[in-house]
Amino acid sequence: MPLVTMNEVLPAARREHRAVGAFNIGNYETALAVVRAAEALDQPVIVQVYSRLIDNGHGEPLGALVRNLGENSPVPVVLHLDHGASLEQVERAIRAGFTSVMLDCSQLPFEENTARVRQAVELARNAGVSIESEIGHVPMGGSSLAVSQLEETVRFYEATGVDALAVSIGTAHGFYREKPEIKVDLCAEIAARVPVPLVLHGGSGTPRDKVRAVIERGIAKVNVATEFQYDYQQRLRERLNAAGDKFIAVDLLEAPVVESSTEFIKEEIRFFAGLI
């Protein structure tokens with residue numbers, strides 16, 4: 001089926017107290033694993049491309065292969081730019097056929113963040129794609145100073161009109177350096193006043209009970225990158241070590257890795273969708 005925007009999959013997920021998994025890919029094999037897992041479970045999925053890959057020239061080709069996989073898939077697939085850092089990146093992703101974009105200016109002062117995101121929202125609306133942004137800042141490793149503030153979060157949403165809003169409630173990107181303190185009550189307070197789907201960045205390593213709690217309270221998209229790609233890396237290392245000096249064609253070398261990654265993603269999708 002044609003690729004869809006987040007607006008086709010996230011609002012229903014929020015109403016039904018479930019979340020759609022959003023997984024960052026970096027090559028054909030990781031993209032294939034994500035789409036195959038979604039198909040196996042008949043669930044929607046969001047395939048994400050890091051913004052740096054737009055800058056280094058890999059983003060558009062990766063987007064093209066995800067479009068091919070999605071257009072030949074029976075399940076809804078969203079192609080999303082993750083953490084777009086500039087309007088230029090957003091424009092390039094839209095031109096490349098991404099159906100969803102993010103502009104993340106969360107480290108800037110509130111007024112500057114808001115002004116830039118308004119411009120991105122206009123670009124997205126004109127192109128018919130969905131748009132996400134972030135208020136508060138989800139850091140590497142965690143920081144209490146970065147947590148979203150309720151009134152500021154509401155003001156940001158009302159001023160920008162984004163389709164999905166990433167909030168900082170105690171999670172962090174990458175592997176945690178210490179046990180996170182997830183602010184479940186804050187998530188509920190934000191959800192009571194912000195009607196659009198909320199997004200949890202930093203899904204890797206976050207305690208499962210806390211993830212389930214915030215899904216019940218408005219989170220409808222959960223991002224997973226580090227755990228997924230680390231698992232892929234470990235499985236690939238195992239294959240390479242087993243092969244030693246023996247030649248194995250790359251597609252055959254990677255086939256079991258794709259199978260393992262598919263199972264990893266299936267487990268994540270099941271959990272986010274409330275199937276387990």
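The values are calculated or read from the model by the stated rules, or taken from the named source; none is laboratory data. Just so it is clear, the structure is predicted and the values come from calculations on it, not from any experiment. Reconstructed Cβ throughout: ideal geometry from the backbone, glycine too, with neighbour counts over all protein chains shown. Just the protein is used for accessible areas: all its heavy atoms, side chains included, with ligands, DNA and RNA removed. Shrake-Rupley method; radii C 1.70, N 1.55, O 1.52, S 1.80 Å.
Between the exposed loop cleavage positions of the chain, defined as GluC sites (Glu not before Pro) in a non-H, G, I, E, B DSSP state with at most 14 neighbouring beta-carbon atoms within 10 angstrom, the longest gap is 17-177. Distance between the 7 Å Cα→Cβ label points at residue 95 and residue 247: 4.1 nm. Remark: segment 170-262 is approximated by an ellipsoid whose semi-axes, taken from the C-alpha gyration tensor as √(5λ), come to 38, 14, 8 Å, largest first.
Where both partners of a DSSP beta bridge lie in the chain, what percent of those bridges are antiparallel, to the nearest 5? Mind showing how you got there, number by number?
On the way: 0 of 29 bridges.
Antiparallel bridges: around 0 percent, rounded to the nearest 5.
If you filter segment 175-276 for chymotrypsin sites (Phe, Trp or Tyr not before Pro), then keep DSSP loop positions with at most 15 other Cβ within 10 Å, what is left?
Here the sparse-neighbourhood loop sites are 175, 247.
Rounded to the nearest 500, the helix-only mean residue ellipticity at 222 nm of the chain stands at -15500 deg cm²/dmol, with each DSSP H run of n ≥ 4 adding -39,500 (n - 2.57).
Relative to the longest principal axis of the Cα atoms of the chain, the long axis of helix 59-71 lies at roughly 80 degrees. Within the straight-line cut-off of under 25 Å between alpha carbons, the lysines reachable from residue 179 are 210, 221, sequence neighbours fewer than 8 places apart in one chain being disregarded.
Give me the accessible area per residue for the chain, probe 1.4 Å, as a whole number in Å².
Values: 11860 Å² over 276 residues.
So the chain comes to 43 Å² accessible per residue, rounded to a whole number.
What's the Kirkwood radius of segment 1-92 in Å, using all Cα pairs?
Numbers: mean 1/r = 0.0747 Å⁻¹.
By the Kirkwood definition, the hydrodynamic radius is 13.4 Å.
The 1.4 Å probe gives accessible areas that order 266, 183, largest first, as 183, 266. Placing pseudo-labels 7 Å out from each Cα toward the beta carbon at residue 72 and residue 155 gives an inter-label distance of 5.0 nm. Expressed as an acute angle from 0 to 90° and rounded to the nearest 10, what is the orientation of the C-alpha long axis of helix 250-272 relative to the principal long axis of the chain? The helix 250-272 is inclined about 40 degrees to the chain.
Tell me, what % of the accessible area of the chain is carbon and sulfur with a 1.4 angstrom probe?
Working: 5930 of 11860 Å².
Carbon with sulfur: 50 percent of the solvent-accessible area.
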